[in-house]
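Laboratory data are not the source of any read-out in this text; all were calculated from the coordinates shown. None of the values given here were measured: they were computed from a predicted structure. Here the Cβ positions follow ideal geometry from the backbone for every residue, glycine too, while neighbour counts run over all protein chains shown.
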Amino acid sequence: MESLSEEHAKKMQQAFVHASNHCLRFMNTMTVRCAIDLNIPDIIHKYGQPMPLSQLVASLPIHPSKTSFIYRLMRILAHDGFVSLHKDIENEQEVRYVNYL
């Protein structure tokens, strides 16, 4: 049988994991909302082929100081399955995105 302190530590760990998962779900929801507010799905769809991140950033109605965050936004969307990520064979630095749904 576990000691009282081990049981307490296990419960605290479970509570931390539960709270962390809840926060991450909120972050994912806000990421999707942000993408929709910026019209990212439509921009990628209208492009008609895998869209380079640089072209996507240029197409967005955001201040240039905010463009560095689009990479993170797109990585989260790719991780969640909203867009697919394609590496450009010619230019390994460039990442392209396609609407998944």
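Suppose every K and R has +1 on its Cβ and every D and E has -1 on its Cβ; what is the size of the dipole of the chain about the Cα centre, in Debye to the nearest 20?
260
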Assertion target for Ile36, Ile44, Ile76, ordered by fewest C-beta neighbours within 10 angstrom first, is Ile36, Ile76, Ile44
Taking placed amide H atoms and a strict 5 Å upper bound, the residues 5 or more places from Glu94 or on another chain that come that close are Asp88
By the C-alpha gyration tensor axes a ≥ b ≥ c (rounded if a/c is under 1.5, else prolate when a/b exceeds b/c, else oblate), the shape of segment 40-82 is oblate
By Cβ neighbour count within 10 Å, fewest first, Tyr47, Tyr97, Tyr71 rank Tyr71, Tyr47, Tyr97
Note: probe point = Cα of Asp42 + 7 Å toward Cβ; backbone nitrogen < 19 Å; residues of segment 68-85 passing the test are 83
